[in-house]
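Down below is the structure, laid out as structure tokens.
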Amino acid sequence: MQTPDIQAVKDYLLTLQDSICDQLADEDSQKVFEEDSWTRAKNPDSTAMQGGGRTRLLVDGGVIEQGGVNFSDVQGSKMPASATAHRPELAGRSFQAMGVSLVIHPKNPYVPTSHANVRFFIAEKEGEDPVWWFGGGYDLTPYYGFDEDCKSWHKTAKQACEPFGDAVYNEYKQWCDDYFYLKHRDEQRGIGGIFFDDLNKWSFEESFNFMKAIGDSYIEAYRPIVNLRKNLEYSEKERDFQLYRRGRYVEYNLVYDRGTLFGLQSGGRTESILMSMPPLVKWKYNWQPEEGTEEARLYNHFLKPRDWVNY
């Protein structure tokens with residue numbers, strides 16, 4: 001079995017965090033990401049995670065209302081329940097998990113929220129071969145949709161997948177549509193993208209290359225959309241709808257998101273885990289958009305899984 005090059009993965013993730021922060025700050029033009037480095041030392045009397053990371057946050061910028069781009073590298077003596085729920089054979093193993101995770105909440109309602117993460121896990125047990133895998137992906141959550149933005153987002157994702165097989169994009173697009181779905185609302189979170197997990201069917205090198213292709217393509221997919229929409233004029237009506245729809249984001253992250261659950265269940269750093277939450281949000285009782293409005297079109301047209309590349 002090929003020995004995974006853990007240091008190479010870490011080096012890539014740190015470089016990816018730098019690149020994404022630099023490009024998003026350049027697009028924002030008014031603020032930069034402030035860094036909060038953290039370390040959690042090993043406690044021999046505790047099973048809680050140890051390790052560290054770099055939490056980076058941009059707040060109240062010209063374009064980005066709040067955005068976080070985090071790197072973490074943590075270890076633990078026992079896999080948390082969220083990680084072993086679908087792989088019970090890993091229960092009781094020690095683990096190391098590292099990744100870059102980000103959520104960007106723009107000010108302008110015409111600029112969509114975006115989420116991305118790429119990650120690497122390795123679980124070990126004395127006397128047995130280590131079990132490793134990669135995961136990640138990205139998805140887009142518009143408030144007011146544009147067909148051309150959806151097409152370009154998915155086209156970039158498809159191009160990133162193509163060197164790894166003709167069926168890869170379709171498989172991971174479907175996985176994304178299924179994963180970012182709010183069952184209690186019977187709604188998609190947004191227009192999807194790609195999502196993969198437990199990736200070790202290829203060699204370590206090929207799997208790592210795929211993770212890098214996805215990580216590198218996120219900013220290629222997102223930045224042109226931000227640039228195109230960030231100066232559109234909007235009123236309090238659009239802003240109010242944006243805050244209402246952000247409530248769905250909170251609901252999803254706290255109820256379903258495996259990354260959030262993993263961090264909280266394993267005793268991770270709460271401030272870094274919950275940086276994905278929007279700074280302002282609204283809930284309204286039994287609210288429905290008026291027929292024929294752009295708000296209704298979000299539900300009827302954009303929050304429906306479709307083949308955006310060929311739409």
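The values are calculated or read from the model by the stated rules, or taken from the named source; none is laboratory data. Note that the structure is a prediction, hence the values are computed from the model and not measured. Cβ placement follows ideal geometry from the backbone for every residue including glycine, while neighbour counts extend to all protein chains displayed. Each accessible area value is taken on the protein alone, full model and side chains, heavy atoms only, with ligands, DNA and RNA left out. Shrake-Rupley method; radii C 1.70, N 1.55, O 1.52, S 1.80 Å.
Things to note:
- Histogrammed with a bin width of 10 Å, the alpha carbon distances of segment 136-176 distribute as 26, 54, 19, 1 percent, first bin at zero.
- Solution diffusion estimate, µm²/s, Stokes-Einstein, segment 221-302, Kirkwood Rh from C-alpha pairs, 37 °C, viscosity 0.692 mPa s: 216 µm²/s
- Using just its DSSP H runs of length 4 or more, each adding -39500 (n - 2.57), the chain gives a mean residue ellipticity at 222 nm of -12000 deg cm²/dmol after division by all residues.
- Rounded to the nearest 20 debye, the dipole magnitude of segment 110-155 is 200 debye, with +1 charges on Lys and Arg beta carbons, -1 on Asp and Glu beta carbons, and the Cα centre as origin.
- R0 of 30 Å, Cβ-Cβ distance Glu124-Thr270: FRET efficiency to nearest 0.05: 0.70
- Cα-based radius of gyration of the chain once divided by 2.2 N^0.38 Å, which approximates compact folds: 0.99
- Pairwise Cα distances in segment 154-311 exceed 29 Å for 27 percent of all pairs.
- Solvent-accessible surface of the chain, taken per residue with a 1.4 Å probe and all protein chains present: 45 Å².
- Glu35 accessible area, 1.4 Å probe, all protein chains in place, Å² to nearest 10: 90 Å²
- Euclidean distance between Cα centres, segment 107-180 to segment 48-78, Å: 19 Å
- Most to least accessible of Phe146, Phe71 (protein chains only, probe 1.4 Å): Phe146, Phe71
- Computed over segment 83-136, Kirkwood Rh from alpha-carbon pairs, angstrom: 13.5 Å
- Multiplying the residue separation of His301 and Trp175 by 0.36 nm and removing their Cα-Cα distance gives an extension gain of 43.4 nm.
- In a fully extended conformation the segment linking Ser37 and Glu89 would gain 15.3 nm over its present Cα-Cα distance, using 0.36 nm per residue.
- Surface composition of the chain: carbon plus sulfur atoms contribute 48% of the solvent-accessible area (1.4 Å probe, protein chains only, all chains present).
- Set of lysines with alpha-carbon distance to Lys183 below 29 Å, sequence-local pairs under 8 removed: Lys107, Lys151, Lys155, Lys158, Lys173, Lys237, Lys282, Lys284, Lys304
- Val131 accessible area, assembled protein chains, probe 1.4 Å, Å²: 30 Å²
- Solvent-accessible surface (1.4 angstrom probe) belonging to Val255, in square angstrom, nearest 10: 80 Å²
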